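Have a look at the structure below before the remarks.
The values are calculated or read from the model by the stated rules, or taken from the named source; none is laboratory data. All values derive from a computational prediction rather than experimental measurement. Heads up, the Cβs are rebuilt from the backbone with ideal geometry, glycines too, and the neighbour counts pull from every protein chain shown.
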Amino acid sequence: MSDQERGRILITGAAGGVGTFLRAGLPELGWAVRGFDLVTPPDPGPVEWRTGDVGDPAALDAAMSGVDVVVHLAGIPVEDRFDRILKTNIDGTYQVFDAAVRNDVPRVITASSNHAVGYYERADYQDTLIGTDVRPRPDTYYGVSKVFMEAIGSFYADRHGLEVACVRIGSCFQEPRSRRMLDTWLSPADGVRLFHALATAPDLRYEIVYGLSANKTAWWDLEPARRLGYEPQDDSDAFAAKVEALATDSYDPEDPEYKYLGGRFTTHVPPEA
Ligand SMILES: NC(=O)c1ccc[n+]([C@@H]2O[C@H](COP(=O)([O-])OP(=O)(O)OC[C@H]3O[C@@H](n4cnc5c(N)ncnc54)[C@H](O)[C@@H]3O)[C@@H](O)[C@H]2O)c1
């Protein structure tokens, strides 16, 4: 496969924040990108576009034709009522995996989250890094939906031979915006590098990896991602002085923001109906 013709990637949730970074960067690495989302962005860029709902199997079947890799990002990215999480994140993720098998797509890469393990305490990871082999400790219904995502990925890898990678993304934004994000930041460019590495890794069966940049203060073990070819280039340290100057709170290790890997998500309650 030449650099100019890696194959076709379908990105669900392509209109969102992470999707916007990936649909800008992956075509430059030779991928033909097809975006899929409830909405169409004003300027989708050099990609094909399909408007649809991940809860709609027919829309997914149409979008997956001729696809080599599905990158599944679509969903609610924060805490919400369980019925909404169930519909969009849990049933929607099931539908995406099932459509991939139905349409003979060999590989699915999904956006899991650090909130699948958000209730681990930072104090226990001062001198060591947290691995991907710890038991899940979700910090929200949202985090629970990411544990489901990792579980159905494992099941479909074993049952159907699907190649699956689940990325526990830290914080993928243009810049880190808080002290916590200095530890959890995944730069947009490293996000593109990571998803590209997972899309091209040979011999992928099933892997969970953490998704972050080469941050000096990270708590998460990047080795599983590095073994699959990810080489991060960015470090949040470049933004440390700016973040510190903007910080409005004093650093209190008992503040949930600093106590738990999931930060303030451990205090989030679902909105009222
Ligand atoms: N941004 C981060 O730092 C971060 C961290 C951890 C995990 N994640 C995960 O990465 C993914 C993308 O996050 P994001 O920050 O880009 O979120 P986002 O809200 O910006 O994008 C999500 C996209 O999904 C689409 N969507 C929602 N429901 C849909 C449905 N039923 N069918 C089709 N499309 C639907 C939305 O329209 C939106 O464009 C999410 O699954 C999120 O949980 C993101």
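Which is of a type outside the set (Phe, Trp, Tyr) and closer than 23 Å to ASP68 by Cβ, of ASP234, ASP249, ASP255, ASP203? Reasoning before the result, please.
Details: ASP234 fails: closer than 23 Å to ASP68 by Cβ; ASP249 fails: closer than 23 Å to ASP68 by Cβ; ASP255 fails: closer than 23 Å to ASP68 by Cβ.
The match here is ASP203.
May I ask you to list the residues in the range 151-190 that are under 16 Å from ALA111 (Cβ atoms), buried (at least 16 other Cβ atoms within 10 Å of the Cβ) and of a type in the set (A, V, I, L, M)?
Hits for the range 151-190 are ILE152, VAL164, ALA165, VAL167, ILE169, LEU186.
Going by the structure shown, is VAL144 under 20 Å from the mean Cα position of the chain (by Cα), part of a strand (DSSP E or B) and among the aliphatic types (A, V, I, L, M)? Break it down into steps so the answer makes sense when it comes.
Working: under 20 Å from the mean Cα position of the chain (by Cα): yes; part of a strand (DSSP E or B): no; among the aliphatic types (A, V, I, L, M): yes.
Judged against the criteria, VAL144 is not a match.
When the residues of the range 141-163 are filtered to those that are of a type in the set (Phe, Trp, Tyr) and away from the ligand (no atom under 13 Å from the Cβ), which remaining residue is farthest from ASP68 (Cα to Cα)? Walk me through how you get there before you give the answer.
Restricting attention to the range 141-163, the residues satisfying the condition of being of a type in the set (Phe, Trp, Tyr) are 141-142, 148, 155-156.
Now narrow it down to the ones that are away from the ligand (no atom under 13 Å from the Cβ): 155-156.
Details: PHE155: 20, TYR156: 16 Å.
Among residues in the range 141-163 that are of a type in the set (Phe, Trp, Tyr) and away from the ligand (no atom under 13 Å from the Cβ), the one farthest from ASP68 (Cα to Cα) is PHE155.
Go through the range 60-75 and report how many residues are away from the ligand (no atom under 14 Å from the Cβ), in a helix (DSSP H, G or I) and under 20 Å from the mean Cα position of the chain (by Cα).
Going residue by residue through the range 60-75, those that are away from the ligand (no atom under 14 Å from the Cβ) are 61, 65-69.
With the extra rule that they be in a helix (DSSP H, G or I), the set shrinks to 61.
So of that shortlist, the ones also under 20 Å from the mean Cα position of the chain (by Cα) come out as none.
Residues that pass the stated criteria total 0.
Assess whether ILE109 counts as being within 13 Å of the ligand (Cβ to nearest atom), in contact with a His (Cβ under 9 Å, 6 or more places away or on another chain), among the aliphatic types (A, V, I, L, M) and farther than 22 Å from GLU257 by Cα.
Numbers: within 13 Å of the ligand (Cβ to nearest atom): yes; in contact with a His (Cβ under 9 Å, 6 or more places away or on another chain): yes; among the aliphatic types (A, V, I, L, M): yes; farther than 22 Å from GLU257 by Cα: yes.
Criteria met by ILE109.
Please tell me if THR20 is of a type in the set (S, T, N, Q), out of contact with any Ser or Thr (no Cβ under 6 Å at 6 or more places or on another chain) and not in a strand (DSSP E or B). It would help to see each step written out before you state the result.
Numbers: of a type in the set (S, T, N, Q): yes; out of contact with any Ser or Thr (no Cβ under 6 Å at 6 or more places or on another chain): yes; not in a strand (DSSP E or B): yes.
So THR20 passes the test.
Residue by residue through the range 147-172, note down the ones that are over 13 Å from the mean Cα position of the chain (by Cα) and in a helix (DSSP H, G or I).
Scanning the range 147-172 gives PHE148, ALA151, ILE152, GLY153, SER154, PHE155, TYR156, ALA157, ASP158, ARG159, HIS160.
So if I check each of GLU175, GLU231, GLU207, which one is modelled with pLDDT of 95 or more, part of a loop (DSSP other than H, G, I, E, B) and away from the ligand (no atom under 13 Å from the Cβ)? I'd like the intermediate steps shown before the answer.
Numbers: GLU175 fails: away from the ligand (no atom under 13 Å from the Cβ); GLU207 fails: part of a loop (DSSP other than H, G, I, E, B).
From the options GLU175, GLU231, GLU207, the qualifying one is GLU231.
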